[in-house]
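The values are calculated or read from the model by the stated rules, or taken from the named source; none is laboratory data. What you see is a predicted model, and the numbers here were worked out from it, not measured in a lab. Quick reminder, even Gly has a Cβ in these numbers, built from the backbone with ideal geometry, and neighbours come from all protein chains shown. Areas reflect the complete protein model, heavy atoms only, side chains present, ligands, DNA and RNA absent. Shrake-Rupley method; radii C 1.70, N 1.55, O 1.52, S 1.80 Å.
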Amino acid sequence: MQRSRMSSRRTAWMLATLLASAAVTIGAGLGPGSASARTGHFGRGGNHYVVGLFGDQPYGATGKAQYPNVLADLNAHDLAFSVFDGDLKAGGDGACTNDLYTTSLGYFNSLRAPLVFTPGDNDWTDCWGRYGPGTGGFDPEERLAYERQLFFSTQRSLGQQTIRLDRQSDEPGPYAAYSENARWRRGPVVYLTLNVQGSNDNFAHSNNPEDVGQPPYVRTPAEIARQDAEHVARLAANKAWLDESFAYAESVGAKGIMVVWQADPNFNNEQHLAQADQYDGYTEIVEALRQATMAFSGQVVLVHGDSHYFKVDQPLASDKGTVLANFTRVETWGAGNLHWVSAEIDTQAPTLFTFRSMIVPANAG
């Protein structure tokens, strides 16, 4: 989601993080990182390897100019694979024409290591024209269908090298359409993607001008009802895939699970408290993730984009009201800050996961 209002406090924090993130350490395993040095041969094993995490790019002309630097930097590291957590463009950066997706596919396939992609709201839910003239004219569900055809029609990842993926669409039943929901395993960790979107996960609010729209793009009551129905059906699919994937992880003795989706669910900040109705599309999926985490014996990580600044924290509480110690949220860079995050998986590390902000030198400062 392209967020137009950001507090000065958040802006200052983001700039400070960009300049000094290499010096910050958090209990979840965050440590210093440098995008100018190779990470070693971690891509070759199952017990010690590195994954690249990025998304929400390229945005605008500057982003398009800098995006190749991110891809080159990812290629300069020995990664097991990378995951792109949604948003192929800014919400106001033109319409969702076919060339947006084909160009993005070319970028993804320029990566040496496998690449797994999950959609973002700017890719489909907002394509009706949420951001005004020049950004609409497309049906969101048709655009998602096109993404499924282009990106998710096989059991292989993207990238020059590929890995095999299990897809929710592989299974007969009510969720056979959701090919974007994928799962794979490397060493002690099970990975899964869920189609959870910014802009309140395509759950409309008719009293919100951003959801109703402004001329020339205005959402009718019938269109809003269809949007809400899509959200409800996809929510059921996401919860089913989440439950199945946690059960699979337990069955294979996994030590960790990484869940990747696009939306920032605004776990506990002041904006969430002041505008709760703008984030009620996430209530059920976040609670499902919380319950699954409490029942899981290992570490759980949620990776998402959407708000465009790097963050590692532990925002969920247990039923006793204490921090849910085996849950970590990682938010990736994006928008005006084109960098990436490394996730190092090491079975000898007490936290299993270590996350580092990888500042791309050519895009900094």
Backbone HN-Hα couplings from phi across segment 164-180 [Karplus 6.51/-1.76/1.60, Hz, Gly and Pro as x]:
7, 10, 8, 10, 4, 6, 5, 9, x, x, x, 10, 5, 7, 8, 5, 6
Net charge of Cβ neighbours under 12 Å - reference Leu165; Lys, Arg +1; Asp, Glu -1:
+3
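What order do you get for 121-127, 109-115 when each peptide is scored by the mean count of other beta carbon atoms within 10 Å, highest first? Each step should come with its number before you reach the end.
Working: 121-127: 27.0, 109-115: 19.9.
Highest-to-lowest ranking by the protection proxy: 121-127, 109-115.
So if I average 1/r over every pair of distinct C-alpha atoms in segment 226-365 and take the inverse, what Kirkwood radius in Å does that give? All intermediate terms of the calculation are to be shown ahead of the outcome.
On the way: mean 1/r = 0.0606 Å⁻¹.
This gives a value of 16.5 Å.
Could you compute the FRET efficiency for Ala222 and Asp319, with r as their C-beta to C-beta distance and R0 at 30 Å, rounded to 0.05?
Result of the calculation: an efficiency of 0.15.
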Please turn the phi angles of segment 283-297 into ³J(HN,Hα) values with the Karplus equation 6.51 cos²θ - 1.76 cosθ + 1.60 (θ = phi - 60°), one per residue in order, whole Hz, x for glycine and proline.
4, 6, 6, 5, 5, 4, 5, 4, 5, 5, 5, 4, 8, 8, 7
Suppose each label sits 7 Å from its Cα in the direction of the beta carbon; what would the Thr97-Ala61 distance come out to in nanometres?
1.7 nm
Return the long-range amide H neighbours of Gly86 (sequence gap of 5 or more, or a different chain), with a cut-off of under 5 Å between placed amide H atoms.
Asp56, Thr118
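Could you compute the net charge surrounding Thr97? Neighbours are other residues with a C-beta less than 11 Å from the C-beta of Thr97; K and R count +1, D and E count -1. Mind showing how you got there, number by number?
Working: positive: Lys89, Arg143; negative: Asp99.
The answer is +1.
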Using the Karplus curve 6.51 cos²θ - 1.76 cosθ + 1.60 with θ = phi - 60°, what ³J(HN,Hα) values do you get for each residue of segment 122-129, in whole Hz, with x for Gly and Pro?
5, 7, 8, 5, 9, 6, 6, x
With a 1.4 Å probe and all protein chains kept in place, how do Leu74, Leu105 rank by accessible area, largest first?
Leu105, Leu74
Under a 1.4 Å probe, what is the accessible area of segment 148-206 per residue, stated in Å²?
38 Å²
Can you list the residues, at least 5 places off or on another chain, whose amide H is less than 5 Å from the amide H of Gly91, using H built in the peptide plane?
Gln2
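For segment 173-243, what is the per residue volume of the convex hull drawn over the alpha-carbon atoms, in cubic angstrom? Walk me through the numbers before you get to the answer.
Working: hull volume 8.1 nm³, N = 71.
In segment 173-243, the Cα convex hull volume per residue is 114 Å³.
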For a quick check of understanding: with a 1.4 angstrom probe and all protein chains in place, what accessible area in square angstrom does Arg183 have, to the nearest ten?
20 Å²
Given backbone amide H placed at 1.01 Å from N, residues whose amide H is under 5 Å from that of Val330, ignoring those fewer than 5 places away on the same chain, are Leu302, Val303, His304
